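A short worksheet on the structure shown next.
The values are calculated or read from the model by the stated rules, or taken from the named source; none is laboratory data. The model shown is predicted, which means the values in this text are computed figures rather than measured ones. Here the Cβ positions follow ideal geometry from the backbone for every residue, glycine too, while neighbour counts run over all protein chains shown.
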Amino acid sequence: MSYIEVDKNMCNGCAECVAICNYEAISVINEIAVIDRNKCTLCRACIKGCTQSAISILKLHNKADLSNYKGIWVIVEYFDDQLKNTGFQLISKANKLAEISGDKVTAVLIGNSKAENKKLQKTFSDYGVSSVRHITHEGFTRFIPEDAVDVISDQIMEDKPKIVLFLGTIFGRTIAPQIAVRVKTGLTADCTELEIDNKNNLLQIRPTFGGKILATIETPHSCPQMASVRPNVFVEEKMPIPVENVKIERIEVRGKLSFSAKALKEVIRIELGEGSLETPLDEAKVIFCAGLGVGSKEGFEKVEKFAQKCGATIAATRAVVDEGWTDFSKQIGQTGVTVIPELYVAFGVSGAIHHNIGIRNSRKIVAINNDPRASIFKIADYCIVADLFEVLDKMELQGTRQTI
Ligand SMILES: Cc1cc2nc3c(=O)[nH]c(=O)nc-3n(C[C@H](O)[C@H](O)[C@H](O)COP(=O)(O)OP(=O)(O)OC[C@H]3O[C@@H](n4cnc5c(N)ncnc54)[C@H](O)[C@@H]3O)c2cc1C
Ligand code: SF4
Ligand code: SF4
């Protein structure tokens with residue numbers, strides 16, 4: 001574990017470091033720099049900037065007393081009273097890890113949901129979760145990452161879970177690293193497999209070097225051991241015998257929320273409707289994916305408009321994201337989102353292995369491509385060799401929802 005420190009004998013109180021720190025972690029008190037470790041991200045900018053060499057980072061190698069840490073926590077996302085299905089995939093995996101480690105699985109929900117305890121109890125009992133922490137605040141109308149980081153970090157420091165698992169969604173990827181810094185532990189992002197070793201440590205397995213090798217990472221000297229996992233890599237499994245007496249603990253957070261300008265922008269965006277009609281990619285039942293074959297931003301927007309009319313969620317290949325026709329959150333594939341929709345329709349997608357990895361578990365794949373040798377046809381259930389715009393025009397003429 002690393003630890004930042006100011007040498008009081010060397011610091012002259014010049015406050016250079018205060019201006020350098022982008023995280024407002026330093027203040028000068030009584031002519032000595034003081035660092036707020038809850039805010040410090042260990043970026044080291046102040047170390048380079050201090051002419052007195054008064055700031056240093058120490059590495060502590062003494063092992064944490066792991067015996068104080070117990071249980072596996074799964075952070076479950078909870079939008080508009082709806083639990084994300086992908087959370088149950090992670091809970092199912094956590095149940096398997098718990099069978100080996102002998103730990104108890106706790107689901108941690110954040111939201112202002114008024115959901116009845118009974119409804120939540122039934123849902124979680126089917127998935128074998130006997131303990132649920134429901135963290136509420138009347139201001140949690142949406143997930144605001146800054147607030148979730150504060151609340152979850154506090155809970156972790158208080159209750160000391162041994163393992164904490166996050167979904168590798170945009171929200172999970174945003175909060176997990178910040179929480180790891182707060183609670184001073186490690187984090188392996190985007191794992192594709194998790195195991196428990198013979199010392200009850202979490203083995204965090206993920207592809208690296210562009211997917212060429214699988215790295216197994218462990219953090220045996222710090223707790224909690226934390227990982228984020230891509231949605232849709234584990235299978236959701238209900239337990240054969242539901243758990244009885246699911247304990248739901250509601251934790252009311254009081255006080256003001258840290259409503260940053262960024263968070264406010266996010267709420268306005270959602271409240272005004274932009275993006276709110278769409279199901280998130282990893283939960284979507286029908287996906288229309290635009291490849292480079294759409295030819296331009298205008299071509300992408302044509303497919304996007306048609307997707308909206310049909311109630312489908314729009315997605316893209318990396319090539320399209322690289323062109324700047326849409327943003328990264330829409331990218332499917334090895335370095336994007338993994339999906340399992342009922343129906344996936346590819347518009348001008350070649351079917352490169354890096355893309356196909358993310359769609360191979362789709363129930364039905366329809367591919368439209370003007371090249372009969374395109375690789376996407378090897379995994380498609382329905383192959384349409386044609387110009388995608390001609391097909392789009394014909395589909396438009398025949399109506400929308402009814403044709404799907
Ligand atoms: C380490 C690494 C990670 C990667 N991760 C990802 C990832 O996560 N996701 C991803 O998607 N890619 C990823 N890639 C990139 C991937 O290898 C491909 O380059 C990319 O998927 C190709 O995108 P595309 O199918 O849109 O474009 P192209 O390969 O250029 O295919 C366009 C297709 O459109 C067809 N077409 C053209 N015009 C028309 C038309 N008018 N009508 C119908 N069809 C038409 C063409 O025949 C062609 O088959 C990664 C690559 C690397 C090296
Ligand atoms: S820059 Fe160095 S000397 Fe100046 S206040 Fe910060 S720690 Fe002290
Ligand atoms: S290490 Fe970075 S975040 Fe921490 S006090 Fe220094 S400048 Fe600020």
Candidate set from the stretch 32-60 (those that are of a type in the set (Val, Ile, Thr) and in contact with a helix residue (DSSP H, G or I) (Cβ under 6 Å, 6 or more places away or on another chain)); member that is nearest to ligand 1 (Cβ to nearest atom) = Thr41
Give the residues of the stretch 22-34 that are surrounded by 12 or more Cβ atoms within 10 Å (Cβ to Cβ) and more than 9 Å from ligand 2 (Cβ to nearest atom), sorted by residue number.
-> Tyr23, Ala25, Ser27, Val34
Could you say whether any residue in the stretch 288-297 is closer than 19 Å to Thr169 by Cα and touching a residue at least 40 places away in the same chain (Cβ under 8 Å)?
-> yes
For Ser222: the one exception among (1) in contact with a strand residue (DSSP E or B) (Cβ under 9 Å, 6 or more places away or on another chain); (2) buried (at least 16 other Cβ atoms within 10 Å of the Cβ) = (1)
Which one of Asp387, Asp322, Asp381, Asp327 is out of contact with any strand residue (DSSP E or B) (no Cβ under 8 Å at 6 or more places or on another chain) and more than 12 Å from ligand 1 (Cβ to nearest atom)?
-> Asp327
The lone exception for Ala25 - which of (1) closer than 20 Å to Asp150 by Cα; (2) modelled with pLDDT of 90 or more; (3) more than 10 Å from ligand 3 (Cβ to nearest atom) it fails = (3)
Given (1) surrounded by fewer than 16 Cβ atoms within 10 Å (Cβ to Cβ); (2) not in a strand (DSSP E or B), number of the condition Ala215 does not satisfy = (2)
Which residues, taken from the stretch 157-174, are surrounded by 23 or more Cβ atoms within 10 Å (Cβ to Cβ) and among the aliphatic types (A, V, I, L, M)?
-> Ile163, Val164, Leu165, Leu167
Are any residues in the stretch 169-185 under 10 Å from the mean Cα position of the chain (by Cα) and among the basic types (Lys, Arg), and if so, which ones?
-> Arg173
Which residue pairs have Cβ atoms under 7 Å apart, sit 6 or more places apart or on different chains, and have a first residue in the stretch 12-36 that is free of Cβ contacts under 8 Å to residues at least 60 places away in the same chain and a second that is away from ligand 1 (no atom under 16 Å from the Cβ) and basic (Lys, Arg)?
-> Tyr23/Lys39; Glu24/Lys39; Ala25/Lys39; Ile32/Lys8
Report the residue count in the stretch 310-319 for those that are near ligand 1 (Cβ under 8 Å from one of its atoms) and not polar (S, T, N, Q).
-> 3
Taking the stretch 35-58 and the residues there that are crowded, with 16+ Cβ neighbours inside 10 Å and modelled with pLDDT of 90 or more, the one that is nearest to Gln178 (Cα to Cα) would be Ile35
Positions within the stretch 186-209 being over 18 Å from the mean Cα position of the chain (by Cα), in a loop (DSSP other than H, G, I, E, B) and touching a residue at least 40 places away in the same chain (Cβ under 8 Å), in sequence order | Asn200
When the residues of the stretch 326-342 are filtered to those that are surrounded by 22 or more Cβ atoms within 10 Å (Cβ to Cβ) and free of Cβ contacts under 8 Å to residues at least 60 places away in the same chain, which remaining residue is farthest from Glu298 (Cα to Cα)?
-> Pro341
Tell me, yes or no, whether the stretch 20-31 has at least one residue that is part of a loop (DSSP other than H, G, I, E, B) and either among the hydroxyl-bearing types (Ser, Thr, Tyr) or within 16 Å of ligand 1 (Cβ to nearest atom) (or both).
-> yes
Within the stretch 47-69, is even one residue of a type outside the set (D, E, K, R), part of a strand (DSSP E or B) and in contact with a Ser or Thr (Cβ under 8 Å, 6 or more places away or on another chain)?
-> yes
Could you check, for the stretch 136-143, whether at least one of its residues is assigned to a strand (DSSP E or B) and either modelled with pLDDT of 90 or more or touching a strand residue (DSSP E or B) at 6+ places or on another chain (Cβ under 7 Å) (or both)?
-> yes
